[in-house]
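K.L.:
Next up is a structure, given as structure tokens.
The values are calculated or read from the model by the stated rules, or taken from the named source; none is laboratory data. What you see is a predicted model; the values in this text were computed from it and never measured. Note that each Cβ is placed from the backbone with ideal geometry, even for glycine, and that neighbours are counted across all protein chains shown.
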Amino acid sequence: MKAALASFLQRLRTTLGGKMPALVGLGNALGTDGLPVRLSSRTYAGLRQRPVRELGFDQPLLWVVVALLAWGLVMVYSASIALPDNPRFANYAQTHFALRHGLFIVIGLVAALIAFQVPMQTWERYAPWLFALALLLLVVVLIPFIGKGVNGARRWIPLGVINFQPSELAKLTILLYAADYMVRKMDVKERFFRAVAPMAVALAVVGMLLLAEPDMGAFMVIVVIAMGILFLGGVNARMFFLIVLVVVTAFALMVMMSEWRRERIFAYLDPWSEQYALGKGYQLSHSLIAFGRGEIFGVGLGGSVEKLHWLPEAHTDFLLAVVGEEFGLVGVTIIIAAFLWLVRRIVLIGRQAIALDQVFAGLVAQGVGLWIGFQAFINIGVNLGALPTKGLTLPLMSYGGSAILLELVALAIVLRVDHENRLLMKGGRS
């Protein structure tokens, strides 16, 4: 018995001795020091080296944008579903505005995908030409047989499926131009006239064209974008605050010299007075009623009463009021938090680009953050009665073709900046 056992062990030792080098080699391939233990067939199948695939852009930022777009589409449908009851929109279907808004989103996403493929060096090279194109379109829209007028304002150029608004293009192009300008003027940024005067002239030209439409809201956004980029680009702080003082004084004079702008201010201060409740304060008063009806959790999706021909422009400038009525304080808080997170994320991408010595890309990203943040701040403030009524849409959510298109293109450029940041940090080229 013992002889048989000893013979079996000897044969087993001989067999394992022949197989050991192969097993040890397999163990080394797996990154272990000894034999592979309890390896399944799936583990063996995965031994081949596979390249690690990473999405080269900020995924959380993309998903927040998609969430805001989707929520905005739902709210545009909710806010506009009753519009066909109005004789002005009698020939429209209940889904007219929702379908068009969805089409605008699709067009914007296609344009954003194309914009993402363009390197930042190309945007920098063509920034002055894009700005010149925007100025040309701002002139063209004022021509009576080309520009389309609505409610006394001539701001749109009809292009078939979309009424293009040149002021939206001007926001993007002034952003690109200001970033390129600061890169070119970096060595003279401490000298007021050489660093600031040319940009001031460009803003003055844009301002005259926008006020001729008139579109003071877009002009305010453009001024904030340009001034913000000047400040972030390193313009002397004393010069910057001097510019702020001049701009604030100019806006104050424009309000004082315009009777209907003064009435808007007075209506904002007391929208419930008999003088303004049915006039300049009508939108604001009904917006506040909508928020009041919503309370904490809202009346439920589709349950808004103010959208039933009480609140004008419920699907555009006052979409947030419908959100407040149907989703309450909770819904409004979520939207505000989403925009705060979005702007912070965009600014961090810009700071990272500047840290990587990509100054133009960094200033562009931070400029987009200023644009989205300031416009959202104005729209939210107007809807809540914290700011005078101004015709600015809620970014990514309100109905509007050219606004959605250019905002998505701007955010695609931010994702491109982030993509190039990641390439540089990995040792590649942007």
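K.L.:
Looking at 79, 134, can you tell me which residue is within 24 Å of residue 391 (Cα to Cα), aliphatic (A, V, I, L, M) and either free of Cβ contacts under 8 Å to residues at least 60 places away in the same chain or touching a Ser or Thr at 6+ places or on another chain (Cβ under 6 Å) (or both)? Talk me through it step by step, then tell me what you get.
P.N.:
Values: 79 fails: either free of Cβ contacts under 8 Å to residues at least 60 places away in the same chain or touching a Ser or Thr at 6+ places or on another chain (Cβ under 6 Å) (or both).
Unique residue meeting the criteria: 134.
K.L.:
Go through the residues of segment 254-262 one by one and say whether even a single one is under 29 Å from residue 85 (Cα atoms) and either part of a loop (DSSP other than H, G, I, E, B) or touching a helix residue (DSSP H, G or I) at 6+ places or on another chain (Cβ under 6 Å) (or both).
P.N.:
So the first thing to find is which residues in segment 254-262 are under 29 Å from residue 85 (Cα atoms), and the list is none.
Within segment 254-262 (the criterion being under 29 Å from residue 85 (Cα atoms) and either part of a loop (DSSP other than H, G, I, E, B) or touching a helix residue (DSSP H, G or I) at 6+ places or on another chain (Cβ under 6 Å) (or both)), the answer is no, since none of the residues qualifies.
K.L.:
Any idea which of (1) part of a helix (DSSP H, G or I); (2) surrounded by fewer than 22 Cβ atoms within 10 Å (Cβ to Cβ) is the one residue 391 doesn't satisfy?
P.N.:
(1)
K.L.:
Still on this structure, please answer the following. Looking at 258, 304, 285, which is the one that is of a type outside the set (Phe, Trp, Tyr), over 28 Å from residue 94 (Cα atoms) and in the same structural domain as residue 412 (by TED's automatic domain parsing)?
P.N.:
Values: 304 fails: over 28 Å from residue 94 (Cα atoms); 285 fails: over 28 Å from residue 94 (Cα atoms).
Criteria check complete, one pass: 258.
K.L.:
Which count do you get for residues in segment 291-334 that are on the phi < 0 side of the Ramachandran plot, under 26 Å from the mean Cα position of the chain (by Cα) and not in a loop (DSSP other than H, G, I, E, B)?
P.N.:
Matching residues across segment 291-334 total 16.
K.L.:
Another question, then. Looking at 415, 384, 411, 370, which one is under 10 Å from the mean Cα position of the chain (by Cα), touching a residue at least 24 places away in the same chain (Cβ under 8 Å) and more than 18 Å from residue 218 (Cα to Cα)? Show your work before the answer.
P.N.:
Values: 415 fails: under 10 Å from the mean Cα position of the chain (by Cα); 384 fails: under 10 Å from the mean Cα position of the chain (by Cα); 370 fails: more than 18 Å from residue 218 (Cα to Cα).
So the residue among 415, 384, 411, 370 that is under 10 Å from the mean Cα position of the chain (by Cα), touching a residue at least 24 places away in the same chain (Cβ under 8 Å) and more than 18 Å from residue 218 (Cα to Cα) is 411.
K.L.:
Scan segment 163-183 and report the pairs whose first residue is more than 13 Å from residue 365 (Cα to Cα) and whose second residue is charged (D, E, K, R) and surrounded by 22 or more Cβ atoms within 10 Å (Cβ to Cβ), with Cβ atoms within less than 6 Å and a gap of 6+ or a chain change.
P.N.:
As it stands, the answer is 165/155; 167/215, since those pairs meet every condition given.
K.L.:
Restricting attention to segment 201-224, and to residues there that are closer than 16 Å to residue 245 by Cα and surrounded by 18 or more Cβ atoms within 10 Å (Cβ to Cβ), which single residue is farthest from the chain's Cα centre (by Cα)? Give the steps one after another, and end with the answer.
P.N.:
First, pick out the residues of segment 201-224 that are closer than 16 Å to residue 245 by Cα: 203-204, 220, 223-224.
Then drop every residue that is not surrounded by 18 or more Cβ atoms within 10 Å (Cβ to Cβ), which leaves 203, 220, 223-224.
On the way: 203: 22, 220: 17, 223: 17, 224: 15 Å.
Of everything passing the filter in segment 201-224, 203 is farthest from the chain's Cα centre (by Cα).
K.L.:
Suppose we keep only residues that are under 14 Å from residue 372 (Cα atoms) and touching a residue at least 60 places away in the same chain (Cβ under 8 Å) within segment 340-349. Which one would you say is surrounded by the fewest Cβ atoms within 10 Å (Cβ to Cβ)?
P.N.:
341
K.L.:
May I pose another question? From the residues in segment 85-116 that are modelled with pLDDT of 85 or more, in a helix (DSSP H, G or I) and of a type in the set (Phe, Trp, Tyr), which one is nearest to residue 302 (Cα to Cα)?
P.N.:
97
K.L.:
Can you confirm whether segment 266-278 contains a residue that is in a helix (DSSP H, G or I), modelled with pLDDT of 90 or more, aliphatic (A, V, I, L, M) and under 21 Å from residue 391 (Cα atoms)? Working first, answer last.
P.N.:
So in segment 266-278, the residues in a helix (DSSP H, G or I) come out as 266-269.
Okay, now just the ones that are also modelled with pLDDT of 90 or more, so none.
For segment 266-278, residues in a helix (DSSP H, G or I), modelled with pLDDT of 90 or more, aliphatic (A, V, I, L, M) and under 21 Å from residue 391 (Cα atoms): absent.
K.L.:
Moving on. Give me the pairs: first residue in segment 101-116 and not assigned by TED's automatic domain parsing to the domain that holds residue 164, second residue among the polar types (S, T, N, Q), beta-carbon distance under 9 Å, and six or more apart or on different chains, which are they?
P.N.:
Filtered contacts from segment 101-116: no entries.
K.L.:
I'm told residue 292 meets every condition in (1) surrounded by 14 or more Cβ atoms within 10 Å (Cβ to Cβ); (2) closer than 22 Å to residue 71 by Cα except one. Can you identify the failing condition by its number?
P.N.:
(1) is the only condition that residue 292 fails.
K.L.:
Further question: Exactly one of these conditions fails for residue 399: (1) among the aromatic types (Phe, Trp, Tyr); (2) assigned to a helix (DSSP H, G or I); (3) closer than 30 Å to residue 210 by Cα; (4) in contact (Cβ under 8 Å) with a residue 40 or more places away in the chain. Give me its number.
P.N.:
So the condition that residue 399 fails would be (2).
K.L.:
State which residue pairs qualify: first residue part of a helix (DSSP H, G or I) and inside segment 56-72, second residue exposed (fewer than 15 other Cβ atoms within 10 Å of the Cβ) in any location, beta carbons under 8 Å apart, and separation of 6 or more residues or different chains.
P.N.:
Close Cβ pairs satisfying both conditions: 64/341.
K.L.:
Now, a different point. Does residue 193 satisfy being out of contact with any Lys or Arg (no Cβ under 9 Å at 6 or more places or on another chain), crowded, with 21+ Cβ neighbours inside 10 Å and at pLDDT below 90? I'd like the intermediate steps shown before the answer.
P.N.:
Working: out of contact with any Lys or Arg (no Cβ under 9 Å at 6 or more places or on another chain): yes; crowded, with 21+ Cβ neighbours inside 10 Å: no; at pLDDT below 90: yes.
Against the criterion (out of contact with any Lys or Arg (no Cβ under 9 Å at 6 or more places or on another chain), crowded, with 21+ Cβ neighbours inside 10 Å and at pLDDT below 90), residue 193 does not qualify.
K.L.:
Let me ask something additional. Restricting to segment 307-338, give me the number of residues that are closer than 12 Å to residue 383 by Cβ and either among the β-branched types (Val, Ile, Thr) or not assigned by TED's automatic domain parsing to the domain that holds residue 375 (or both).
P.N.:
First pass over segment 307-338, keeping only residues closer than 12 Å to residue 383 by Cβ: 311, 313-314, 316-325, 332, 335-336.
Retained after the next criterion (residues that are either among the β-branched types (Val, Ile, Thr) or not assigned by TED's automatic domain parsing to the domain that holds residue 375 (or both)): 316, 322-323, 332, 335-336.
Here the count works out to 6.
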